[in-house]
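Participant: Shown below is the structure under consideration.
The values are calculated or read from the model by the stated rules, or taken from the named source; none is laboratory data. Just so you know, these numbers come straight off a predicted model, no measurement behind them. As a convention, Cβ positions derive from the backbone with ideal geometry for all residues, glycine included, and neighbour counts pool all protein chains shown. Keep in mind that these areas ignore ligands, DNA and RNA; they rest on the heavy atoms of the full protein, side chains included. Shrake-Rupley method; radii C 1.70, N 1.55, O 1.52, S 1.80 Å.
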Amino acid sequence: MRIESITLDHERTRNFVVERPMGAGVWVFLALKARAVFNIGGREIPSPDNSFILLTSEQPFSYRCDADDFKEDSVFFTPDDEDMKRITDMKIPLNKVIPAAELTGITSLLRSMCLEYYSANKNRLESVDLYFRLLLSKVNESVLSMKRISAVHEGLYIEKLMWLRESIYRWPSKTWTVDEMAADVSLSRSRLQHLYTETFGISISKDIITSRLDKAAELLKKSEYSINKVAELVGYPNASYFNRQFKNGLGMTPTEFRREYQEQEAI
């Protein structure tokens, strides 16, 4: 393994964006201590507090910070054949955000790696290589632990479900599919739908519609956008479909809603 750089507790401001449209050119391991939003393969993937991701060298990606106190640890490296075999044998997920069952052990190893790498010790590279093997082992343990915990107590998915719902309301224009959501939270399609409805008392599809109509109502009140533009901003492919869903949800068309609101404001 060849290390390019190691950083610890790298602070970034909210909405700071890292873009690697051609990939980083080397492998990247990130330990994320606060929320971020990744774009991998054209999909936006929310990253919760205390998560990690192992990115391959040619994988295009970008991410933006989504917390005021964002911090991350990172390792930029090129794995050798033995490293690749360990990663494959341990079935460590690649290019996928993984919630950590316990991030402290991972960040502790990264700190030891960093101190050794930048030291003047004679055998520092050999030591770093050993730390990296331990890191892969710890990552593997974290992945397996999350699977065991999930199997025993699915209530621990509540944090993922809460973040998923927050994402739906934060980005109402996004084209959501249940299959993509299920993959993001490591659940089957049917299990996600059941847990979501059980947790929030509403189905995913209905919640997506509610988020869009809520945002549409806000735009109709506070902007001069045309109905077509409002429909576009909240994720509808055309105004006629938007009009039908708006009337079904709020009992009046978008035009009627805007007119009624303006009349009330004028009183």
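Participant: Does residue 83 satisfy being at pLDDT 90 or above and part of a strand (DSSP E or B)? Reasoning before the result, please.
Facilitator: Numbers: at pLDDT 90 or above: yes; part of a strand (DSSP E or B): no.
The answer is no for residue 83.
Participant: Does residue 250 fit the bill of being open to solvent by 30 Å² or more (accessible area, probe 1.4 Å), farther than 18 Å from residue 45 by Cα and hydrophobic (A, V, I, L, M, F, W, C)? Walk me through how you get there before you give the answer.
Facilitator: Working: open to solvent by 30 Å² or more (accessible area, probe 1.4 Å): yes; farther than 18 Å from residue 45 by Cα: yes; hydrophobic (A, V, I, L, M, F, W, C): yes.
For residue 250, the condition - open to solvent by 30 Å² or more (accessible area, probe 1.4 Å), farther than 18 Å from residue 45 by Cα and hydrophobic (A, V, I, L, M, F, W, C) - is met.
Participant: Sticking with this one: Which ones in the range 41-68 are outside any loop (DSSP other than H, G, I, E, B) and within 21 Å of residue 14 (Cβ to Cβ)?
Facilitator: Within the range 41-68, 44, 45, 46, 47, 51, 52, 53, 61, 62, 63, 64, 65 qualify.
Participant: Moving on to the next point. If a residue has to be surrounded by 15 or more Cβ atoms within 10 Å (Cβ to Cβ) and free of Cβ contacts under 8 Å to residues at least 12 places away in the same chain to count, how many in the range 73-116 make the cut?
Facilitator: Final tally of qualifying residues: 1.
Participant: Which of the following residues is more than 10 Å from the chain's Cα centre (by Cα), buried (at least 20 other Cβ atoms within 10 Å of the Cβ) and of a type outside the set (Asp, Glu): 30, 8?
Facilitator: 30
Participant: Counting just the residues of the range 204-227 that are outside any helix (DSSP H, G or I) and open to solvent by less than 70 Å² (accessible area, probe 1.4 Å), which one comes out nearest to residue 247 (Cα to Cα)?
Facilitator: Initial filter on the range 204-227 (outside any helix (DSSP H, G or I)): 223-226.
Among the residues that remain, those that are also open to solvent by less than 70 Å² (accessible area, probe 1.4 Å) are: 223, 226.
Working: 223: 19, 226: 17 Å.
Per the stated criteria, the residue is 226.
Participant: On the basis of being over 26 Å from residue 183 (Cβ atoms), in a strand (DSSP E or B) and either open to solvent by less than 20 Å² (accessible area, probe 1.4 Å) or in contact with a Pro (Cβ under 7 Å, 6 or more places away or on another chain) (or both), does residue 38 make the cut? Before the answer, list the steps.
Facilitator: Values: over 26 Å from residue 183 (Cβ atoms): no; in a strand (DSSP E or B): yes; either open to solvent by less than 20 Å² (accessible area, probe 1.4 Å) or in contact with a Pro (Cβ under 7 Å, 6 or more places away or on another chain) (or both): yes.
Answer is no for this residue.
Participant: Can you run down the residue pairs with Cβ atoms below 6 Å, 6 or more apart or on separate chains, where the first is in the range 130-153 and modelled with pLDDT under 90 and the partner is open to solvent by 90 Å² or more (accessible area, probe 1.4 Å)?
Facilitator: Qualifying pairs under 6 Å: 149/156.
Participant: Need the failing condition index for residue 59 against (1) open to solvent by less than 20 Å² (accessible area, probe 1.4 Å); (2) at pLDDT 95 or above; (3) closer than 23 Å to residue 182 by Cα, just the number.
Facilitator: With (1) open to solvent by less than 20 Å² (accessible area, probe 1.4 Å); (2) at pLDDT 95 or above; (3) closer than 23 Å to residue 182 by Cα applied to residue 59, the lone miss is (1).
Participant: Take the residues in the range 228-238 that are part of a helix (DSSP H, G or I) and in contact (Cβ under 8 Å) with a residue 24 or more places away in the chain, then tell me which one is least open to solvent (accessible area, probe 1.4 Å). Write out each step before concluding.
Facilitator: First, pick out the residues of the range 228-238 that are part of a helix (DSSP H, G or I): 228-233.
Adding the requirement that they be in contact (Cβ under 8 Å) with a residue 24 or more places away in the chain leaves 230, 232-233.
Numbers: 230: 0, 232: 110, 233: 61 Å².
The qualifying residue least open to solvent (accessible area, probe 1.4 Å) is 230.
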